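Working notes for the structure below.
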Amino acid sequence: MRLIIRDTTGRVLHSGPILPTNRGLRIGSGETCDVRLKRLGIAREHALLTMNAEGEVSLQDLQSPFGTFVDNRKIPPGFVAPLPPGTKVKLADAVVLEISASAPGDDEARASGGPTGVGALDSSIFPFFLTRNEQFVNKTFQEAYAAIPERYHDLLRDLARRLTEKVSELSAVLEVSFALNSIFSFQRLLEFSIEMALRVTLAQRGFIMLYNEELDRLETVVVRGMAPREIEKDMLAASTLVSRCFRTGQPFVGSGADLEETAQTMVRPTERGITAIAITPLRIENSTIGVLYLDSKRLGATFPPALLDILKFFAAQASLVIHRARLFHLATTDGLTGMANQKHFHQRLLEEFCRSIRHKKPLSLVSLDIDRFKMVNEVHGEQAGDQVLKKLGRLFRSGMRVHDLVARFGGDEFMLLLPETPIEGATTAAEKLRGLIESTTFRVGKKSIRLTGSLGVACTTVSMTKPIELVQAVEKALGRAQKQGGNRVVVHAPSSRRPEPAKAGRERAPDKEGNKRS
């Protein structure tokens with residue numbers, strides 16, 4: 001049996017055999033999963049795929065957020081469903097799983113020791129190029145096994161292994177180049193870059209540091225594989241190597257004695273259990289913008305010299321797109337909260353509004369204002385107010401979907417842009433946000449304070465022709481929430497049967513506003 005996972009465009013996200021095992025094949029976005037899918041709607045542990053000795057495949061829904069559908073039938077959480085060949089499973093809106101009979105030659109290749117995988121690299125990480133190249137190598141060597149006498153098969157197997165390693169390296173390079181140029185979110189790009197670097201090199205841990213020109217120092221922007229208690233001491237142990245790489249622009253790959261000779265620090269890498277290190281600069285033309293650091297604590301681990309060429313190419317690709325994404329991020333982001341700024345919000349609003357009209361899809365807007373925020377600045381000072389806004393920014397960003405946009409619209413006013421979201425969904429999101437603010441404790445110096453928020457919700461209607469109409473509608477709803485005492489969600493729901501009457505008429509019909517209170 002073979003497992004194939006695709007997105008709605010037909011692109012293969014994972015392709016590989018299903019083998020009888022007691023553990024099964026765990027699918028999800030978490031690091032412990034056998035098949036990792038970093039896609040919207042995929043839980044950390046989404047589903048478990050198992051195969052018994054008779055070759056029967058079954059699937060168990062684990063923690064899917066929206067349910068798993070087998071041949072268009074939703075299976076309950078924890079339920080085990082049989083998956084005969086030809087079954088189609090919908091894991092998320094854009095992710096489909098298929099079960100098929102093994103591809104020709106797969107079983108024979110495993111039996112004869114021919115290439116069935118990609119060595120150390122996981123095909124779910126490099127799905128597009130690696131799958132095609134893997135199939136080509138498999139087919140070529142199956143023809144060779146059939147045409148060449150059996151006494152030469154050992155030589156063929158060695159050749160297949162070496163060729164597979166080289167194909168996996170080249171496929172990884174192609175996939176990295178393709179994927180890096182397809183990601184526009186700055187933070188997601190950083191996360192993807194370090195994850196791919198770890199996969200390509202088989203390193204255990206790593207981080208990316210970027211140079212902050214204003215502060216004249218390197219700042220860590222993403223870390224993988226390091227426990228919180230390890231970060232400070234391990235980074236200190238490698239600081240000399242990192243600084244030298246950034247200063248000279250020269251990469252470093254070494255282990256064992258190399259680390260003892262080159263790291264002139266109070267705490268050496270080997271004393272921290274680090275057995276191998278690979279560092280490469282991130283450069284744009286003649287300027288170094290940061291450093292990519294990878295290491296391993298496995299006993300006897302080494303990074304081969306050939307790794308240097310792969311790292312150089314990877315760093316060159318990553319540097320270009322990280323620099324581009326960073327410039328875009330700085331131009332479109334509010335520096336204090338990390339949210340989108342007003343200019344970017346208006347641009348996205350126009351794009352999403354036009355898309356909503358063209359495809360007849362709902363577009364919702366949520367406006368939020370912190371109740372009595374001026375008192376925070378007056379009583380505790382503006383610096384305390386800035387700290388509160390920073391924490392609010394982190395709260396809002398963590399609660400939003402990938403394609404939603406949260407923007408700082410004013411001092412303490414925020415806008416949430418929710419594409420393809422009806423008024424009911426936007427109201428639910430607003431109520432969730434209101435409850436989140438109310439239940440959060442904000443540290444201001446040595447004191448703790450609690451805040452509340454007023455929220456207005458509006459959605460596009462058939463009568464709207466301009467984005468400003470949606471903005472005006474949500475601001476009216478926000479005004480009503482504030483007038484009614486704050487800490488509530490008010491929905492703007494004008495009638496679509498006739499134009500709205502004059503202001504006085506609207507004031508006489510408050511029952512058309514849907515209110516939600518904590």
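The values are calculated or read from the model by the stated rules, or taken from the named source; none is laboratory data. None of the values given here were measured: they were computed from a predicted structure. Glycine also receives a Cβ, built like all others from the backbone with ideal geometry; neighbour counts cover every protein chain displayed.
Looking at the range 366-481, the strands (runs of 3 or more DSSP E) lying wholly inside it that each contain 3 or more residues that are buried (at least 19 other Cβ atoms within 10 Å of the Cβ) and within 26 Å of the chain's Cα centre (by Cα) sit at 405-408, 413-419. Any chance the range 10-33 includes a residue that's of a type in the set (Lys, Arg), modelled with pLDDT of 80 or more, assigned to a strand (DSSP E or B) and in the same structural domain as Asp93 (by TED's automatic domain parsing)? Within the range 10-33, one or more residues are of a type in the set (Lys, Arg), modelled with pLDDT of 80 or more, assigned to a strand (DSSP E or B) and in the same structural domain as Asp93 (by TED's automatic domain parsing). For the range 65-102, taking the residues that are more than 24 Å from Arg39 (Cβ to Cβ) and either at pLDDT 85 or above or in contact with a Lys or Arg (Cβ under 8 Å, 6 or more places away or on another chain) (or both), the one that is surrounded by the fewest Cβ atoms within 10 Å (Cβ to Cβ) is identified as Ala101.
Against the condition touching a residue at least 12 places away in the same chain (Cβ under 8 Å), among the hydrophobic types (A, V, I, L, M, F, W, C), over 30 Å from Val462 (Cβ atoms) and in contact with an Asp or Glu (Cβ under 9 Å, 6 or more places away or on another chain), how does Val321 come out, does it pass? Give the derivation first.
Values: touching a residue at least 12 places away in the same chain (Cβ under 8 Å): yes; among the hydrophobic types (A, V, I, L, M, F, W, C): yes; over 30 Å from Val462 (Cβ atoms): yes; in contact with an Asp or Glu (Cβ under 9 Å, 6 or more places away or on another chain): no.
Spelling it out, it is not the case that Val321 is touching a residue at least 12 places away in the same chain (Cβ under 8 Å), among the hydrophobic types (A, V, I, L, M, F, W, C), over 30 Å from Val462 (Cβ atoms) and in contact with an Asp or Glu (Cβ under 9 Å, 6 or more places away or on another chain).
When you look at Leu48, is it under 14 Å from Gly24 (Cβ atoms), under 25 Å from the mean Cα position of the chain (by Cα) and surrounded by fewer than 19 Cβ atoms within 10 Å (Cβ to Cβ), yes or no?
no
Residues in the range 274-294 that are touching a strand residue (DSSP E or B) at 6+ places or on another chain (Cβ under 8 Å) and either surrounded by fewer than 16 Cβ atoms within 10 Å (Cβ to Cβ) or in a loop (DSSP other than H, G, I, E, B) (or both): Ile274, Thr275.
Before we move on, is Phe396 closer than 18 Å to Glu475 by Cα and in contact with a helix residue (DSSP H, G or I) (Cβ under 8 Å, 6 or more places away or on another chain)? Here the answer is no, as Phe396 does not meet what is asked. Among all residues of the range 51-74, there is none that is assigned to a strand (DSSP E or B), over 24 Å from the mean Cα position of the chain (by Cα) and closer than 17 Å to Asp7 by Cβ. For the range 130-183, residues that are within 23 Å of Leu202 (Cβ to Cβ) and either modelled with pLDDT of 80 or more or part of a helix (DSSP H, G or I) (or both) total 31.
Residue by residue through the range 209-243, note down the ones that are more than 27 Å from Leu327 (Cβ to Cβ) and in a helix (DSSP H, G or I). If the condition is that a residue be more than 27 Å from Leu327 (Cβ to Cβ) and in a helix (DSSP H, G or I), then Pro228, Arg229, Glu230, Ile231, Glu232, Lys233, Asp234, Leu236, Ala237, Ser239, Thr240, Leu241 are the ones that fit.
Here is the figure for the range 45-64: residues that are more than 14 Å from Ile99 (Cα to Cα) and at pLDDT below 80 total 5.
In the range 295-331, of all residues being modelled with pLDDT of 80 or more and in a loop (DSSP other than H, G, I, E, B), the one that is surrounded by the most Cβ atoms within 10 Å (Cβ to Cβ) corresponds to Phe303. If I filter the range 332-353 down to residues being surrounded by fewer than 18 Cβ atoms within 10 Å (Cβ to Cβ) and closer than 16 Å to Leu395 by Cβ, which single residue comes out as modelled with the lowest pLDDT? For the range 332-353, the residue satisfying everything is Gly338. Among all positions in the range 104-119, there is no residue which is modelled with pLDDT of 85 or more and either surrounded by fewer than 12 Cβ atoms within 10 Å (Cβ to Cβ) or out of contact with any helix residue (DSSP H, G or I) (no Cβ under 7 Å at 6 or more places or on another chain) (or both).
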